[in-house]
Amino acid sequence: MSGQFVDQLRQDMIDQAVWNDQLVQQSGIQLIDTPFVTVGGGIGSFTVVDYLRLAGVHTSQITVLGNQDKPYATYKALANNSQIPDYERLRSDAGSVLDSPWGFPSYAFREAAATKKLGPLWTVLTEPIFSEYYTPQAAQVYQSVEREIARIGWYEMLKLGQVRMIRRRAEGGYFVVFTPKDHNARIIYRTRFVHVAVGYPGIKMLQDLQEYKVKHKDLSRVVNAYEDHSQIYSALAQRPGRVLVRGSGIVASRVLQRLLDQHESGRPIQVLHLFRNYVAGPQKTPSAGTRTGKNGFAYQAFNYPKAAWGGQLKDQLLNLHEQGRADLIRQTGGTNTAPRASWTDQLHRCQQQGSYVQLIGQVKDIHPVEGQGIRTVVEGPNGQISVDADFIIDATGLEAGVDRDRLLTDLINSGGARKNTFGRLQVTPNFEVEGAGTGVGKVYASGAMTLGGPYAPVDSFLGLQYAAQQIVDDLAANGFGQRMGPLRSMSQWFKWLRNQQP
Ligand SMILES: Cc1cc2nc3c(=O)[nH]c(=O)nc-3n(C[C@H](O)[C@H](O)[C@H](O)COP(=O)(O)OP(=O)(O)OC[C@H]3O[C@@H](n4cnc5c(N)ncnc54)[C@H](O)[C@@H]3O)c2cc1C
């Protein structure tokens, strides 16, 4: 017991998929009513809450349940670890403005105004033919979100802690079980609508590297690019070293640049880069044209072609069935990186000098060798080779299956939700979780957990905003908030411009 309330859920409650008011009241756990709950408190929650506030919903009607105090906290931590510090540029365009659904003034416009330089405007005018796409600096995005959370009253809505489960309510709506950060007594929120945006459940390590780490208890020399691995760069600043990088997406590009920058600043570092799937030339797809490919990498400016956000690819995907959607998403997405001249030039330069070496093949074995570091045995096109490195950086990705997320697994086992062909949550075009409805109540989801559905770039700033718009429109159709017409939109934009509360 904590105070007058009970802490723990009874086993008979956990075993029941549907709870009623009497059951919850008799449990002795504190019960709070709120019409709308968003779970996660990250960028996905922020976009939905921002749109709801613009749609006239008061802070008292919204509860944000998350485990970080800032919506960009988890994002920033992952970005920093994967070598995107505040001053580096991200991988989204000038109009993917997180703090403003209107996209104007764009990040490029704001940067031009702040620095009193025309460069960013020239870039957006001439991209992508005469210049590379404009992309904002990470710090600019964080600062703009900071201003918006103050404007919309984020901290009036945010409760810090962990959401344990979402249970359907027999009378309609849901019970959301929450463990607050500041004390142990649980709270159950009784609500009509739930939105879930919990991001990635964890860091994914390649199977062979995971096995090596466990077997040899080697935690600091073999790392995932998304975890803090600053010890590697510090060690390389002190003594010569060889690093093996695995993966060929955007994170691999960032890690390679970081290592080669350090090498080019005078440190004796050699970078070995192992490709499992080497892209030697352009990649033709049946429905999405040809993608540039060379020197091992598949290149495209953003993680999907621009038409996937709001053009013909978006419409095409929406009109396909599950398998067709999965095929199109795989063709247009998959592992790719941005074609930045600074990166490709540096790789070329270092390749010529022998400080960047490419290898192709499947890993057969990894083991430590006394005095040589870590040996990776690779079965390549010309037979078996062994490469020794002081460090291995796995830049292949994050864990994304719903099975790795306790809350979503429970939503599938007890809440009526189901998995799609990507092993993520099956959602409708307005991002309602299929099968989890309770008549008057709905569960919505956005972000990485909805990949494989009617929209491809779900895990992007603009994708999260697109999902937010669909969700908020659907909520308005169900009597929660007002639909955003031209007049409301215009008046809200002026309020945004003057930094006034919505
Ligand atoms: C390194 C990196 C760089 C990226 N760069 C770009 C880019 O340049 N441009 C772009 O458009 N997109 C980018 N993305 C993609 C996307 O914008 C981000 O993944 C974004 O953070 C997704 O928002 P989200 O809310 O889904 O997840 P997050 O922002 O991760 O938020 C989810 C939150 O939910 C919390 N949570 C999880 N479970 C629970 C629970 N049970 N109870 C309470 N809280 C919980 C998590 O701790 C986390 O804080 C990038 C992604 C990564 C990883």
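None of the figures in this text is laboratory data; all of them are computed from the coordinates on show. From a predicted model like this one, the values you see are computed outputs, not experimental measurements. Note that we place each Cβ from the backbone using ideal geometry, even for glycine, and neighbour counts take in every protein chain shown.
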For the chain, what is the relative contact order in percent, using Cα pairs closer than 8 Å and at least 6 residues apart in sequence? 19
Everything considered on the Cα gyration tensor (a ≥ b ≥ c; rounded for a/c under 1.5, else prolate if a/b is larger than b/c, else oblate), the stretch 91-136 must be described as oblate
Would you please name the chymotrypsin sites (Phe, Trp or Tyr not before Pro) within the stretch 75-166 that are DSSP coil residues with at most 10 other C-beta atoms within 10 Å of their C-beta? 87, 130
So who's got an amide H within less than 5 Å of the one on residue 164, skipping anything under 5 residues away but keeping other chains? H placed 1.01 Å off N, in plane. 177, 178, 179
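Explain nothing, just the number: dipole magnitude of the stretch 91-136 about its Cα centre with +1 on each Lys and Arg Cβ and -1 on each Asp and Glu Cβ, in debye rounded to the nearest 20.
Around 160 debye, computed over the stretch 91-136.
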Which stretch or stretches of the stretch 50-68 have amide N atoms under 19 Å from the point lying 7 Å from residue 488's Cα along the Cα→Cβ direction? 50-63
Quick check on the chain: of the DSSP beta bridges with both residues there, what percent are antiparallel, nearest 5%? 50
Helix-only CD estimate at 222 nm, as mean residue ellipticity for the chain, using -39500 (n - 2.57) per DSSP H run (n ≥ 4): -10000 deg cm²/dmol
Could you line up 54, 78 from fewest to most neighbouring Cβ atoms inside 10 Å? 78, 54
Arrange the following residues from fewest to most other Cβ atoms within 10 Å of their Cβ: 45, 489, 248. 489, 248, 45
Send over the per residue convex hull volume for the chain, Cα only, as a whole number of Å³. 171
Checking the cross-link filter: which lysines have an alpha carbon closer than 30 Å to that of residue 442, excluding same-chain neighbours under 8 positions apart? 70, 159, 181, 314, 419
State which helices in the chain qualify, where a helix is a whole DSSP H run, it must extend 27 Å or more along its own axis by its Cα atoms, and its mean Kyte-Doolittle hydropathy must be at least 1.6. none
Coordinate range along principal axes, alpha carbons of the stretch 380-502, Å, largest first: 67, 41, 24
Enumerate the lysines that residue 294 could reach by cross-link, defined here as Cα to Cα under 19 Å, with residues fewer than 8 away along the same chain left out. 284
Give the residue from 124, 84, 180 lying farthest towards the positive end of the charge dipole for the chain; charges sit on Cβ (+1 for Lys and Arg, -1 for Asp and Glu) and the dipole is referred to the Cα centre. 124
Ascending count of other beta-carbon atoms within 10 Å, so fewest first, for 243, 214: 214, 243
Within the chain, what's the longest stretch lacking trypsin sites (Lys or Arg not before Pro) that sit in DSSP loops with no more than 10 other Cβ atoms inside 10 Å? 218-497
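Once Rh is set to the Kirkwood radius over Cα pairs, what Stokes-Einstein translational diffusion coefficient, in µm²/s, holds for the stretch 1-112 at a temperature of 25 °C and a viscosity of 0.890 mPa s?
Values: Rh = 17.8 Å.
In µm²/s, the coefficient rounds to 138.
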What nm distance separates the two modelled labels at residue 330 and residue 377, each placed 7 Å from Cα along Cα→Cβ? 3.1
Which of 366, 381, 265 sits farthest toward the positive end of the charge dipole of the chain, with +1 on the Cβ of Lys and Arg and -1 on the Cβ of Asp and Glu? 265
Length gained if residue 4 through residue 143 is fully extended, taking 0.36 nm per residue and subtracting the Cα-Cα distance, is 45.9 nm
Size of charge dipole - the stretch 386-502 - debye, nearest 20, with Cβ of Lys, Arg +1 and Asp, Glu -1, no other charges: 800
Which residues' amide hydrogens lie under 5 Å from the amide hydrogen of residue 438, considering only partners 5 or more residues apart or on another chain, with H built in the peptide plane? 173
What does the charge dipole of the chain about its Cα centre add up to, to the nearest 20 debye, if the Cβ of each Lys and Arg holds +1 and the Cβ of each Asp and Glu holds -1? 500
Straight-line reach from residue 217: which lysines have a Cα under 26 Å away, not including same-chain ones fewer than 8 places off? 204, 364
